[in-house]
Amino acid sequence: MRQFNKVDSAFIGRLRDIIGPNYVLTESFDIEPYTHDETEDLRFAPEVVVKPNTTKQVAQIMKLCHDQDVPVTPRGGGTGLSGGALAVYGGVVLSLERLNRIIEIDPDNMMAVVEAGVITGVLQRELEAQGLFYPVDPSSRDSCQIGGNVAENAGGPRAVKYGVTKDYVYGLTAVLPDGRILKTGGKLLKNVTGYNLTQLLIGSEGTLAVVTEVTFKIIPLPKYRLTLLAGFNSLGEAARTLTKIFSNRIIPSAAEFMEKAAIKAAEDKYEIKFPLSDPEALLLLEVDGNYRELLEQQVEQIGEICLAGNAADVVVADTPDKQAALWTTRSKIGEAVKSIAPYKEEDTVVPRSQLPALVEKIREISRKHDITAISYGHAGDGNIHCNIIKKGLSEERWQNEMPLVIAELFTEVVKLGGTITGEHGIGFVQKRYLPLALSATEIELMRQIKNVFDPKGILNPGKVLPA
Ligand SMILES: Cc1cc2nc3c(=O)[nH]c(=O)nc-3n(C[C@H](O)[C@H](O)[C@H](O)COP(=O)(O)OP(=O)(O)OC[C@H]3O[C@@H](n4cnc5c(N)ncnc54)[C@H](O)[C@@H]3O)c2cc1C
């Protein structure tokens with residue numbers, strides 16, 4: 001295990017000189033919120049938390065840590081689900097929360113420039129007020145940051161039509177582990193000048209550089225959106241129907257899937273109710289665009305496809321209030337499922353046409369090992385979050401058997417042409433499974449890239465690459 005230097009009082013003094021004493025946290029009470037993210041029940045205390053306010057301050061902090069051989073863990077909103085923001089080696093947590101300025105919204109170029117610590121939902125509302133749209137919409141939008149979205153290449157329900165973070169980001173300002181400031185790309189829709197470092201940094205999970213500023217494409221806000229909820233008596237019917245919608249040449253702007261146990265968890269915890277009676281599985285579908293009549297036709301067609309696929313019930317939400325109610329219920333599912341018992345969330349993704357096979361595999365593996373696995377997610381992207389719940393399992397089975405069950409699940413996912421994470425990243429908790437999805441050559445190249453950016457290994461150590 002790599003040994004780093006410990007933080008001492010002289011080091012703290014230099015941090016205070018760079019950003020001022022109020023933004024250097026050393027007391028355990030102040031540090032506590034930075035000891036965990038939203039991943040399982042993991043806690044790692046950093047020795048100090050810093051909250052810089054400018055790219056220059058980030059660069060000075062990185063140079064200091066680099067020279068002193070102290071590890072640094074960048075942190076956005078702390079909503080990550082793979083433990084990427086956990087300070088597993090102690091050292092410094094570098095929080096981007098004060099870099100929260102929207103620098104420019106530029107409708108002439110249809111681009112926006114923001115600091116990394118801007119909360120995604122805040123930015124979306126600011127754009128929507130101007131008839132503009134940044135469609136990347138992780139369900140954690142009101143707590144996660146744009147920088148964290150870049151680091152994780154975040155997706156969300158709308159990815160099915162609009163794509164993920166990488167499809168919008170055209171330029172970055174980032175600080176390298178030794179403190180050098182890097183600027184990549186810009187407001188350019190076309191740019192093939194050299195290697196695409198912007199795209200290399202997207203999804204690098206805070207292991208190559210600290211992102212401080214993001215330039216991204218924006219699009220016009222669609223005028224209308226219609227939502228439809230369909231209940232099915234089996235998971236397989238729901239999954240098969242979903243693929244039929246696409247083969248009928250309809251691309252919904254969201255296509256979410258929830259199984260009964262997930263629905264029930266949200267209904268029980270929050271005393272809310274989906275307006276359908278006791279389905280085994282739900283599809284929540286949305287279409288958007290500028291021509292309402294066309295959308296109404298599409299919704300009708302989707303409804304017919306659902307009924308032909310054996311849907312027991314279909315309801316349409318045609319007002320913003322009804323739509324908001326459905327989406328609020330959907331957004332509560334993750335937390336509700338996780339509150340049942342300790343859990344491990346697996347972020348499986350397969351080609352969409354393999355969705356029926358994936359839900360069947362998850363059921364088969366659960367039955368075989370006698371475990372509870374609750375599935376929901378962005379089915380339009382083939383991306384199912386499978387939560388294995390500790391309910392009824394001894395600590396010994398949980399510790400020893402679950403890694404084998406997860407490896408079995410991932411092996412099946414890869415056989416279906418899929419991979420082991422669609423949007424949550426590898427981070428700390430999934431790195432042991434990386435060789436199931438990537439070849440030795442790919443992993444070796446990734447190690448070499450890491451070494452070029454961070455030869456001393458001080459930036460977010462213990463993440464992504466297996467030991
Ligand atoms: C309820 C809930 C719903 C969610 N729904 C979705 C969803 O629909 N789609 C989806 O994709 N994800 C989802 N997530 C996961 C999570 O919100 C995303 O991964 C998000 O992008 C993390 O952003 P963050 O700012 O919270 O980053 P953090 O959790 O703080 O950090 C995540 C990783 O990014 C790195 N990092 C953060 N900021 C920077 C930076 N400025 N520079 C370099 N590295 C940085 C960290 O070191 C860490 O490795 C959900 C999470 C929760 C809790």
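Each reported figure results from applying straightforward, stated rules to the coordinates on display, with no laboratory input. If you're wondering where the values come from, they're calculated on a predicted model, not measured in any experiment. Quick reminder, even Gly has a Cβ in these numbers, built from the backbone with ideal geometry, and neighbours come from all protein chains shown.
Given Cβ point charges of +1 (Lys, Arg) and -1 (Asp, Glu) and nothing else, what value in debye, to the nearest 20, does the dipole of region 174-260 about its Cα centre take? Please list the in-between numbers first.
Values: 11 positive and 6 negative charges, 101 e Å.
It works out to roughly 480 debye.
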Using a basic spin-label model with each label point 7 Å from the Cα along Cα→Cβ, how many nm lie between residue 297 and residue 353? 2.7 nm
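What Kirkwood hydrodynamic radius do you get for the chain when you take the inverse of the mean 1/r over all pairs of distinct Cα atoms, in Å? Intermediate results must be reported in sequence, preceding the final value.
On the way: mean 1/r = 0.0433 Å⁻¹.
After inverting the mean inverse Cα-Cα distance, the result is 23.1 Å.
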Would you mind ranking 152, 213 so that the residue whose beta carbon has the fewest other beta carbons within 10 Å leads the list? 213, 152
Looking only at lysines whose Cα falls under 22 Å of residue 223's and that sit 8 or more positions away or on another chain, we get 161, 322
Angle check, please: helix 402-415 long axis (alpha carbons) against the longest principal axis of the chain (alpha carbons), in degrees 0 to 90, nearest 10. 70 degrees
Per its Cα gyration tensor (rounded if a/c is under 1.5, else prolate when a/b beats b/c, else oblate), region 334-378 is best filed as oblate
Placing each pseudo-label 7 Å from Cα in the direction of the beta carbon, residue 9 and residue 441 end up separated by a distance in nanometres of 5.6 nm
Tail weight of P(r) past 26 Å, computed on alpha-carbon pairs of region 335-467, percent: 27 percent
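What are the trypsin sites (Lys or Arg not before Pro) within region 173-232 that DSSP puts in a loop, where the Cβ has at most 11 other Cβ atoms within 10 Å?
On the way: sites: 180, 183, 187, 190, 217, 223, 225; in loops: 180, 187, 190, 223.
Answer in residue order: 190.
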Can you order the peptides 441-448, 135-142, 42-49, 381-388 by their average number of other Cβ atoms within 10 Å per residue, highest first? 381-388, 135-142, 42-49, 441-448
Taking the simple approach of a point 7 Å from Cα along Cα-to-Cβ for both residue 130 and residue 234, what is their distance in nm? 5.1 nm
Gyration tensor (alpha-carbon) shape descriptor, region 103-249, a/c threshold 1.5: prolate
Per residue of the chain, what 222 nm ellipticity follows from adding -39500 (n - 2.57) for every DSSP H run with n ≥ 4, rounded to the nearest 500? -10500 deg cm²/dmol
I'm a student and want to see the number: the projected area of the Cα convex hull of region 188-320, averaged over all directions, in nm². 12.1 nm²
Under 18 Å from the Cα of residue 391, which lysines turn up, not counting those fewer than eight places away in the same chain? 260, 264, 269, 338, 344, 368
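If you average the sequence gap of Cα pairs under 8 Å that are 6 or more apart and divide by the length of region 167-308, what percent do you get for the contact order?
On the way: 197 pairs, mean separation 37.0, N = 142.
Across region 167-308, relative contact order equals 26 percent.
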Spin-label proximity, residue 67 to region 150-184 - amide N less than 15 Å from point 7 Å beyond Cα toward beta carbon: 178-180
Taking Cα atoms, the helix 9-19 axis meets the longest principal axis of the chain at an angle in degrees (rounded to 10) of 70 degrees
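Let a ≥ b ≥ c be the square roots of the eigenvalues of the Cα gyration tensor of region 364-403; is it rounded (a/c under 1.5), or, if not, prolate (a/b larger than b/c) or oblate?
Values: a/c = 2.74, a/b = 2.36, b/c = 1.16.
Cα axes put region 364-403 in the prolate bin.
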Along region 78-88, what does the Karplus equation 6.51 cos²θ - 1.76 cosθ + 1.60 (θ = phi - 60°) give for ³J(HN,Hα), rounded to whole Hz, x for Gly and Pro? x, 9, x, 10, 10, x, x, 8, 7, 7, 5
Measuring from centroid to centroid over Cα atoms, what is the spacing of region 109-143 and region 228-273 in Å? 27 Å
Separation of region 338-358 and region 146-174 by C-alpha centroid, Å? 21 Å
Given contacts defined as C-alpha pairs under 8 Å and at least six residues apart, what's the relative contact order of the chain, whole-number percent? 16 percent
Contour excess over end-to-end distance, with Cα ends at residue 341 and residue 322 and 0.36 nm allotted per residue: 3.8 nm
Taking 357-367, 86-96 and ranking on average Cβ neighbours within 10 Å, highest first, one gets 86-96, 357-367
Could you work out how far helix 292-308 tilts from the main Cα principal axis of the chain, as a 0 to 90 degree angle to the nearest 10? 70 degrees
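What FRET efficiency do you get for residue 290 and residue 142 if R0 is 25 Å and r is their Cβ-Cβ distance, rounded to the nearest 0.05?
0.40
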Starting from the Cα of residue 456, draw a straight line to each of the lysines and keep only those under 30 Å, dropping any in the same chain fewer than 8 residues away. 6, 51, 56, 63, 166, 183, 431
